[in-house]
Amino acid sequence: MDEALEKKFMLYFANAVASVYTKMLDFQPKMEGIKKEEKTWVKETGVITLVPFNGKFSGRLLLVFDPLSALILHNEINGESTKTVNDETLFTHGEFGNICAGHAITEINNAFRGSNVRLAPPSVFSGKELTFFNFKMNHYSIVMAVMGGKLTLNVALKES
Amino acid sequence: MRRVLIVDDSPMVRKMIKKALAMPDYEIIGEASNGNEAVELFGRLHPDLITMDVTMPVLGGLEASKKILKTDPTAKILLLSAMGDEDLLAQAKEIGIKANARKPFTADELLKAVRSLTGD
């Protein structure tokens, strides 16, 4: 896949996350940068949602919220005032990631008819310095300013 | 009163749907977290309306809808999904699903979609 197309795909994901976040939290995230990662892995801290997708284009979306912004998302969506990450936080982030990925994949499928890209159920992780290794896929990171802190998207993908 | 079966693997989404339908016109008679449970509960409870997620473990929403509509072609299924690409919607229509709504939905958007299906 050429780099121009890869960057186009990154924007599908960035725009999807921004629009879903805006609709669910009534706050417009601000995109701060996009970069192609040179290493084959990323190391992240916070609440991290991983959403795989498969089809003509396959890969995975990682949504990385720092701990404070992760709790803000949980509280805003659920109308709560939780102070620590709990099971419901992880469920909420899983669904949020699923919705964001779904919006991005919808745009990809509509732009590339017949791609039939579909999502697999998300997994959610919470911790410090968690390493995610990419196997034979290029990946990009996009940083956004959100309520209370930062959200990093990391998208790895390849054309099947 | 419409009897509703909610099918979604996300407790958060099931909660959102219950909140949106918390009115005298609707009674939530059951919840399923995957397509297999949905098919089983449909056979047992015979709801007036099913809200159906697409991506679920065990059995997905499209496959579950196909099974349900095979046993009852008049079943009213509202597909709720984060995805809304044309190929997916065409697949849903081919199966016999007559309405869909995109996540994230507001309560008003969900009610509008439900009413388009029930004719209320």
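Put simply, the amide H of B:LEU59, placed in the peptide plane, has neighbours under 5 Å in B:GLY35, B:ASN36, leaving out anything fewer than 5 places away on its chain. Taken over the stretch B:2-115, the percentage of Cα pairs per 10 Å bin, counting from 0 up to the bin with the maximum distance, is 15, 54, 30, 1.
How do the peptides B:5-11, A:23-29 rank, highest first, by the average count of neighbouring beta carbon atoms within 10 Å per residue? Let's see the in-between values first.
Details: B:5-11: 24.7, A:23-29: 15.4.
Descending mean neighbour count gives B:5-11, A:23-29.
I'd like the GluC sites (Glu not before Pro) in the stretch A:1-37 restricted to DSSP loop residues with at most 15 other Cβ atoms within 10 Å, sorted by number. Taking the stretch A:1-37 and a limit of 15 other Cβ atoms within 10 Å, the loop GluC sites (Glu not before Pro) found are A:GLU37. In straight-distance terms, cross-link reach from B:LYS67 covers every one of the aspartates and glutamates whose alpha-carbon lies under 19 Å from its own, apart from those fewer than eight places away in the same chain; here that gives B:ASP8, B:ASP9, B:GLU31, B:GLU37, B:GLU40, B:ASP48, B:ASP53, B:GLU94.
Here is the link list: B:LYS19/B:LYS76; A:LYS56/B:LYS19; B:LYS19/B:LYS93. Which ones come out longer than 32 Å on Cα distance? All intermediate terms of the calculation are to be shown ahead of the outcome.
Working: B:LYS19/B:LYS76 20 Å; A:LYS56/B:LYS19 38 Å; B:LYS19/B:LYS93 28 Å.
In this structure, A:LYS56/B:LYS19 lie more than 32 Å apart at Cα.
For chain B, what's the relative contact order in percent, using C-alpha pairs closer than 8 Å and at least 6 residues apart?
Details: 206 pairs, mean separation 28.9, N = 120.
Answer for chain B is 24 percent.
Projected onto its three principal axes, the C-alpha set of the protein assembly as shown covers 56, 44, 28 Å, listed from the longest axis down. Peptide B:75-87 has a mean shielding of 5, counted as Cβ atoms of other protein chains within 10 Å of each residue's Cβ. The chymotrypsin sites (Phe, Trp or Tyr not before Pro) found in the stretch A:58-160 that occupy coil by DSSP, while having at most 13 further C-beta atoms within 10 Å, are A:PHE135. Rolling a 1.4 Å probe over the protein chains gives B:SER33 an accessible area of about 40 Å². Compute the angle between helix A:67-78 and the longest alpha-carbon principal axis of chain A, please, reported from 0 to 90 degrees and rounded to the nearest 10. Rounded to the nearest ten degrees, it is 80. Remark: the stretch A:59-66, residue by residue, has Karplus-estimated 3J(HN,Hα) of x, 7, 9, 10, 10, 10, 9, 5 Hz, where x stands for each Gly or Pro and the curve is 6.51 cos²θ - 1.76 cosθ + 1.60 at θ = phi - 60°.
Antiparallel DSSP bridges in the protein assembly as shown: what percent, to the nearest 5? List each step's numbers first, then the result.
Working: 42 of 60 bridges.
Among the beta bridges of the protein assembly as shown, antiparallel pairing accounts for roughly 70 percent.
Taking amide H positions as modeled 1.01 Å from N, with prolines and chain starts lacking one, the residues under 5 Å from A:GLU37 and 5 or more places away or on another chain are A:HIS139, A:TYR140, A:SER141. Under a 5 Å amide H cut-off, with hydrogens placed 1.01 Å from N, B:ALA32 pairs with B:ILE6, B:VAL7, B:ASP8 among residues at least 5 apart or on other chains. Leaving ligands and nucleic acids aside, the B/A contact buries around 1900 square angstrom of accessible area in total at a 1.4 Å probe radius.
Modelled spin labels at B:THR118 and B:ASP72, positioned 7 Å past Cα toward Cβ, are 1.4 nm from each other. Placing a label point 7 Å from the Cα of A:LYS30 along the Cα-to-Cβ direction, the residues of the stretch A:138-155 with a backbone N closer than 16 Å are A:143-152. For chain A, carbon and sulfur atoms together expose 54% of the accessible surface, with a 1.4 angstrom probe and every protein chain in place.
Probe radius 1.4 Å, ligands and nucleic acids left out: which of B:THR106, B:THR51 has the largest accessible area, and how do the rest follow?
On the way: B:THR106 60, B:THR51 0 Å².
Ranking B:THR106, B:THR51 by accessible area, largest first, yields B:THR106, B:THR51.
Of the GluC sites (Glu not before Pro) in the stretch A:98-160, not one is in a loop by DSSP (not H, G, I, E or B) with at most 12 other beta carbons within 10 Å.
The values are calculated or read from the model by the stated rules, or taken from the named source; none is laboratory data. Bear in mind the structure is a predicted one, so any value in this text is a computation, not a measurement. Here the Cβ is made from the backbone with ideal geometry for all residues, glycine too, and neighbour counts use every protein chain on show. What goes into the accessible areas is simple: the full protein's heavy atoms, side chains included, and nothing from ligands, DNA or RNA. Shrake-Rupley method; radii C 1.70, N 1.55, O 1.52, S 1.80 Å.
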